[in-house]
Structure formats: C-alpha cells, structure tokens
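Just passing along the structure, written as structure tokens.
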Amino acid sequence: MDQMNSHQKSDIISHLLATAPIWFQMICLFEEDVTMGITDMEKFVAYFPGHSLKFPIVVNEAFKQGSVAKEIIENKKEKFNIVDQSVYGVVYCGGGIPIFENGYIVGSIVFGVSLNKQKRLMNIAEHLFALVQQTNANSTAIMRTSKVLFEKNEVIFEYMNNLQEQINRTSSIVSTIAGISTQTKILGLNALIEAAHIGQQGRGFSVVAKEIQKLADDSKESSRHIESILNDLTNETVNLRKLFEGSKHLFHNQFEQISEISLAIETISTEAQHLVTVSEISQKR
C-alpha cells in the first residue's frame, strides 16, 4: 500500500484523536503502567503517558530514530519488541499497528508497557527457585541421614537379636551347671552316709565329701546369681528391642514422609523454573 501525503488530513486519525482519551482510560483499567501514542506519517499527534512509564515525547515533534512508530511507518506493518533505553532512556515493551485509510498508510497507534512487573516477577521466580533448590538440597541431606540412621538401627537391632541368643545359650549352660551342682550335692551326701558306716576309717573320706557338698552349694548359689543377672539382661534386652522396634517404625515413616516432601519440592522446583523461563521470555519478546 502507498502512503498518503503527510499534509493531507486523515479522517480516521481525527476520529481516533476524538475517542482516544476514552479507550486509553479503559486500557488503564487493566494495565495502569501503559503509555499510548497516535502518529501521522512523521510525528506524534497525541501522546498519553502511563502511571510511571513516561517518555519525553512532545506532540508535533518528529519521531526518534529507533522508535516503534518510525519502524511501523517505514515497514507498513505491525511491530512488537523490547525497546532499549537508547530511544527514550528506559527499556520497555513496545508495539503498535499501522493505520490505513483508503488503501494508504496515514499513521500508527503505538503502545509502550513497563517491564517493572515482569522484572519483579522474574526476581520473585528466581528467588523462589533458589529457595526451593536449597530446601530440596536440605531435604535430600535429611533423607540421606534418615536412611543411614535407619540402616544403623537395623544393625543394632540385629545385634540385639544376637545378644538375646547368647543370653539364652548362657542361661541354658547355667541351668546345666545348677543341675550338676544338685547331683554333686546328692553324691556328697551319699558319700557322708557311706563314711559314717565305715566309722573311723572313713573320716578322711567324710571331709572330702563335705567339701564336695560345699562346692556344690557354692556352685548352685553362683548359678542362681548368674541366672538373676541373665534374667535382668533379658528384660533389658526385651525393652531395648521394643525401643528399637519403635525407632525402626519411626525412621521408616520419617523416611517415607521426607520422600513425599522431596517429590513435592521437586514439583515446585519445576514450576518455579518454568516461571523463571516464562519471565525471561516475556522480557525478550
């Protein structure tokens, strides 16, 4: 399409100028930090600054080199890109469309949108991502520690089982010794009886028989004492087994919960990374 002579008056631009304040106000209901301009072929004929995004544009002054409006007029097609600070001293997202009338390009409508929200969003996303990554690392470390504790608890539990087996074996041996002591005492008693029958000649044998009985009594008493100690050890071992069984279940539940938390954190981390990527794309468009 050709372009209209810059000195010709455009009816469309006249209508746009008449209604622009109204629809710019409507646009600001959705995005307060937006700026808008209407141009003819050479200059801005209207400019509406944003809440904080304000360009040093003077109506009826020529376009600046590199501005979105100038590119739209030169290329006769819509434009959308990130404009660097060399044009108006601030980086912003600019876009616009050409205005055609009777087959001729007569001007353009351009918009500028602040990138402050996108920057804040990106900063928040990056901070969230870093926080989630650190939390994930801590969770992984806790999970590894819990796994090690669980494995050590299993080893200790196995030691407790072995200890109980040794106690049971020792108790069996002590019971055997106690039985032998009883039998030895009976033998000693029989020896005393036989020595008494012999009379004077059995006095030496009688002394030996008494010592055998005393040894049997001492052995039985020692066996009882050992049995008592073994019973105490058995009771303590049973209590420890119950304690370690409780710890085992606790570690197992804790490990499963941390695993679930770790999976949730990984999901959040993925979403945070996606948010960072979206923010970066928004600023590069």
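Got a number for residues in the stretch 44-95 being within 14 Å of VAL113 (Cβ to Cβ) and not basic (Lys, Arg)? Give the derivation first.
From the stretch 44-95, those within 14 Å of VAL113 (Cβ to Cβ) are 48-55, 68, 79-83, 88, 90-95; that's our starting set.
Now drop any that are not not basic (Lys, Arg), which leaves 48-53, 55, 68, 80-83, 88, 90-95.
Here the count works out to 19.
Working only within the stretch 266-280, note down all residues that are surrounded by fewer than 16 Cβ atoms within 10 Å (Cβ to Cβ), among the β-branched types (Val, Ile, Thr) and modelled with pLDDT under 70.
Selection gives THR277, VAL278.
With LEU263, LEU250 as the choices, which residue is modelled with pLDDT of 70 or more and surrounded by fewer than 14 Cβ atoms within 10 Å (Cβ to Cβ)?
On the way: LEU250 fails: surrounded by fewer than 14 Cβ atoms within 10 Å (Cβ to Cβ).
It is LEU263.
Okay, next question. Quick test for you: out of ASN161, ASN136, ASN153, ASN168, pick the one residue that is modelled with pLDDT of 75 or more, open to solvent by less than 60 Å² (accessible area, probe 1.4 Å) and at negative phi. Spell out how you get there, then give the answer.
Details: ASN136 fails: modelled with pLDDT of 75 or more; ASN153 fails: modelled with pLDDT of 75 or more; ASN168 fails: open to solvent by less than 60 Å² (accessible area, probe 1.4 Å).
After applying the criteria, what remains is ASN161.
The values are calculated or read from the model by the stated rules, or taken from the named source; none is laboratory data. This one's a predicted model, so the numbers in the text were calculated from it and none came from an experiment. Backbone-built Cβ (ideal geometry, glycine too); neighbour counts: all protein chains shown. These area figures cover heavy atoms from the full protein model, side chains too; ligands, DNA and RNA do not enter into them. Shrake-Rupley method; radii C 1.70, N 1.55, O 1.52, S 1.80 Å.
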